[in-house]
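Everything below concerns the one structure shown next.
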Amino acid sequence: MRHALATCLLAGVCSLAAAEDRPAALPRSAPEAQGIASSAILGFVDAVDEKIDALHGFVIVRHGHVVAQGAWAPYGENDRHMLFSLSKSFTSTAVGLAISEGRMTLDDTVLQYFPEDAPAEPSDNLKAMRVRDLLRMSSGQDAKVLGKVLEAEDGKWTKAFLATPIDYKPGTHFVYNTPATYMLSAIVQKATGMTVLEYLRPRLFEPLGIVDPTWGTSPQGITLGGYGLSLRTEEIARFGQLYLQKGEWQGKHLVPAEWVEAATARQTANGSNPTSDWEQGYGYQFWRCRHGLYRGDGAHGQFCIVMPEQDAVVAITSGVKDMAAVMNLVWEHILPALRSAPLPPDEAAQARLRARLAGLAMRPPAGQPASKIAAKVSGRTYAFPANDQKLTSIALEFGKDATTAVVRKEGGTEQRIALGRGTWRKGRTTILDDADQPVAASGAWSAEDTYSAKLCFYETPFCMSLGFQFAGDDLRYDAEANVGRAPLKRPQLTGHVPVKADSALAGGTSRR
């Protein structure tokens with residue numbers, strides 16, 4: 001299935017059977033039939049590889065048809081991907097649905113839902129905070145609220161939120177505030193008796209064919225709301241298409257058109273820079289963009305871009321430091337290529353695009369497949385002193401077709417991570433943050449004494465670049481993340497071959 005969609009992107013190539021096995025799948029079409037040149041999409045892909053090299057997947061929808069879809073191996077079209085703050089737009093949808101069902105209103109006060117968590121003497125600003133203030137990121141708090149909520153010792157994030165000082169009158173100041181979205185999730189749960197994930201499953205996810213979505217919960221058992229949702233890239237595109245169609249999907253209104261209009265309109269000002277896509281106004285958990293567009297987005301490059309005038313949607317998953325650079329490529333290559341009428345067929349360009357999409361892949365580490373010292377260091381265990389990375393030892397086993405990293409962490413069992421040579425090997429590991437998750441890995445000798453590896457946690461934006469420099473009985477270990485909280489580069493660790501291992505290698509005669 002890795003390239004099943006990449007090879008059936010164009011008219012006459014994608015069979016009806018292929019579409020039918022994807023619930024609620026969008027129909028496929030040749031780009032030219034929907035008014036966009038295959039060469040323009042190819043230019044976008046080439047620019048991504050040249051300037052970004054960190055996109056994981058994308059889907060372009062025009063007039064309700066998927067005209068291009070691709071994923072860079074080891075990322076696959078059927079793999080879920082963390083959405084981070086793109087999750088907020090789904091929480092907003094839950095609020096809109098709950099309002100349409102009469103379970104809550106925009107002008108409900110926040111305090112009315114949490115009398116048990118309210119401070120003994122609530123401030124006037126807290127008393128005035130409404131649901132609509134949470135939706136448009138104007139709760140009146142400053143950015144420090146996130147740390148205070150996450151660090152709540154009793155795990156009651158709602159109580160910590162309400163205890164945070166409110167410096168401004170709610171509704172008057174825009175401050176991006178993930179805990180505000182968490183409170184929306186908590187309010188929906190109070191109003192409906194269901195978590196946001198449970199509430200949206202029959203109302204949104206199942207009708208859109210979103211299969212088994214995952215969404216984290218807080219210590220209180222509340223859907224995280226502001227982050228934590230994982231979906232496939234095409235499922236993001238379906239969500240965008242639903243909003244493009246004013247909440248209608250396959251003849252049914254899943255979301256009220258009035259909510260779609262309000263949620264994606266400019267509800268509050270957030271700056272005045274005409275060249276910034278973060279200062280065009282903010283709706284109800286949706287960003288306004290330049291060019292009259294809107295989007296949901298998430299950290300490290302997760303996008304659901306909706307183009308109402310052009311009748312198009314672009315969904316992207318990635319792991320980038322510069323999110324603006326990704327959008328700029330969409331504005332440069334895709335947006336101006338969207339024509340109002342179909343274009344003449346271009347079979348040659350379609351064939352080039354088809355081949356390009358079928359071969360998309362992240363570049364593995366550069367270097368040689370072998371080194372003169374490989375046999376000498378293969379299988380040797382290097383132990384580390386106590387460290388913040390919680391690594392106790394590492395060994396590299398250089399086999400015929402692959403390298404295996406044997407890793408031990410504090411209190412953990414042995415982990416074996418297979419590293420491809422010029423390819424990606426998939427497995428599972430807890431090396432990133434102690435959570436067991438899928439990983440794809442590759443490695444090469446970047447110097448005679450240095451082996452370099454890259455680990456892609458392909459259901460997330462995160463990758464780790466690892467360096468192993470061998471010097472006698474020592475191993476210098478370096479690790480650096482592609483994105484995330486600073487510092488991305490970890491302190492270098494130096495491991496040593498334990499004395500017992502030295503004795504064993506010498507037949508037990510070197511030390512008496």
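The values are calculated or read from the model by the stated rules, or taken from the named source; none is laboratory data. These numbers were taken from a predicted model, which means no experiment stands behind them. Quick reminder, even Gly has a Cβ in these numbers, built from the backbone with ideal geometry, and neighbours come from all protein chains shown.
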query: polar (S, T, N, Q), in the same structural domain as residue 463 (by TED's automatic domain parsing) and farther than 18 Å from residue 466 by Cα: does that describe residue 413?
result: yes
Within the stretch 281-339, residues of a type in the set (Ser, Thr, Tyr) and under 15 Å from the mean Cα position of the chain (by Cα) come out as 317, 318
- prompt: Can you spot a residue in the stretch 288-305 that is free of Cβ contacts under 8 Å to residues at least 12 places away in the same chain and of a type in the set (Phe, Trp, Tyr)?
  reply: no
Within the stretch 153-164, of all residues that are in contact (Cβ under 8 Å) with a residue 40 or more places away in the chain and part of a loop (DSSP other than H, G, I, E, B), the one surrounded by the fewest Cβ atoms within 10 Å (Cβ to Cβ) is 155
Flagged pairs (Cβ under 8 angstrom, 6 or more apart or on separate chains; first in the stretch 376-387, of a type in the set (Phe, Trp, Tyr); second loosely packed, with under 15 Cβ neighbours inside 10 Å) are 382/474; 384/494
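Condition check ((1) assigned by TED's automatic domain parsing to the domain that holds residue 163; (2) buried (at least 18 other Cβ atoms within 10 Å of the Cβ)) across all residues:
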residue	(1), (2)
46	no, no
50	no, no
67	no, yes
90	yes, yes
107	yes, no
113	yes, yes
120	yes, no
126	yes, yes
139	yes, yes
Listed by first then second residue, the pairs whose first member lies in the stretch 323-352 and is assigned by TED's automatic domain parsing to the domain that holds residue 51, whose partner is acidic (Asp, Glu), with beta carbons under 6 Å and at least 6 positions apart or on separate chains, are 327/277; 343/32; 345/32; 346/32
Residues of the stretch 182-237 being modelled with pLDDT under 95 and either assigned by TED's automatic domain parsing to the domain that holds residue 316 or aliphatic (A, V, I, L, M) (or both), in sequence order, are 211
Note on residue 74: of the conditions (1) outside the structural domain of residue 307 (by TED's automatic domain parsing); (2) more than 11 Å from the chain's Cα centre (by Cα); (3) of a type outside the set (Phe, Trp, Tyr), unmet is (1)
Can you confirm whether the stretch 245-254 contains a residue that is in the same structural domain as residue 191 (by TED's automatic domain parsing), more than 16 Å from the chain's Cα centre (by Cα) and modelled with pLDDT of 95 or more?
no
Per the list (1) in a loop (DSSP other than H, G, I, E, B); (2) more than 17 Å from residue 282 (Cβ to Cβ); (3) modelled with pLDDT of 95 or more, residue check on residue 171 breaks on (2)
ask   = With respect to residue 184, is the statement that it is under 22 Å from residue 78 (Cα atoms) and touching a residue at least 40 places away in the same chain (Cβ under 8 Å) true?
value = no
